[in-house]
1. Looking at B:188, B:212, B:140, which one has the Cα that reaches farthest to the positive end of the dipole of the stretch B:101-221 (charges on Cβ: Lys, Arg +1; Asp, Glu -1)?
2. In nm, to one decimal, how far is the residue B:72 label point from the residue B:187 one, both placed 7 Å along Cα→Cβ?
3. Averaging over every viewing direction, what projected area does the convex hull of the Cα atoms of the protein assembly as shown cover, in nm²?
4. Do you know the relative contact order of chain B, to the nearest whole percent, from alpha carbon pairs under 8 angstrom that are 6+ apart?
5. Sticking with the crude label model, points 7 Å out along Cα→Cβ, report the distance from residue B:94 to residue B:24 in nm, one decimal please.
6. Given the options B:157, B:85, B:121, which has the most mean-square fluctuation in a GNM of chain B, springs set between C-alpha atoms less than 10 angstrom apart?
7. Per residue of B:185-192, count partner chain C-beta atoms within 10 Å of its C-beta, then hand back the mean as an integer.
8. Going by the alpha-carbon gyration tensor, a ≥ b ≥ c the square roots of its eigenvalues, is the stretch B:18-155 rounded (a/c under 1.5) or, if a/c is not under 1.5, prolate (a/b greater than b/c) versus oblate?
Amino acid sequence: ITTGAAKDEL
Amino acid sequence: MNIFRLTGDLSHLLAIIILVLKIWKTRSCAGISGKSQILFALVYFTRYLDLFTNYISLYNSFMKIVFIGASLATLYLMYMKFKATYDRNHDTFRIEFLLIPVTLLGLLVNHEFTPLEIGDTVLVVQVLWTFSIYLESVAILPQLFLVSKTGEAETITSHYLMALGSYRALYLINWIWRYYFEGFYDLIAIVAGIVQTVLYCDFFYLYITRVIRGRALRLPA
């Protein structure tokens, strides 16, 4: 499982 | 990119296009909260700063530019071109009650765990991204407040709100999907996304029971 900011989303 | 993410994005795009067209075609921004639109512009500017620091895809950059552009166009139409039609007297939500807590929360709860260093671009982008996620979750409140104050919304405004509310709800399904199939999750986005979607629930109910049946959205007195 990886967590973090979903920077590929808008 | 899964189907829920894509339809979520398209729903978001549809919402902002509906809004610009509504104002343009009717030559009026009556019933639209300028304060919510200012908050959304702030959301786009703070989140999409990474246009300059982090390239993801042509799709991603294109959508970001469209969102920023449409948001600026909306503000121009509301505060300049059709200023006379702006519902100033009903748009009285105090946005500092949203901005102050959201700023504090963004500084305290974000993904960047390194200590604050002035001039650290990555950190600033990260904190602003977090701020934008929190702000977006509550940015619709002045608009919902305006609707409850006037007790009604034009049908086209209801469609705008429906598309805008559905977008984050579809993102929630996208996040469940990503958790199962990619083993990825972002707790900040998920919690804020739930808050954002919950705020629309009352409106969703009214939309389904009234607008879809061809009636105007009028609140019970």
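FYI, it's all coordinate maths here, none of it is from the lab. Please read all numbers here as calculations on a predicted model, not as lab measurements. Quick reminder, even Gly has a Cβ in these numbers, built from the backbone with ideal geometry, and neighbours come from all protein chains shown.
1. B:212
2. Calculated label separation equals 3.7 nm.
3. With the hull built on Cα positions only, its mean projection is 13.4 nm².
4. 32 percent
5. Rounded to a tenth, the inter-label distance reads 3.8 nm.
6. B:121
7. Counting Cβ atoms of other protein chains within 10 Å of each residue's Cβ and averaging gives 3.
8. Note, shape of the stretch B:18-155 comes out oblate.
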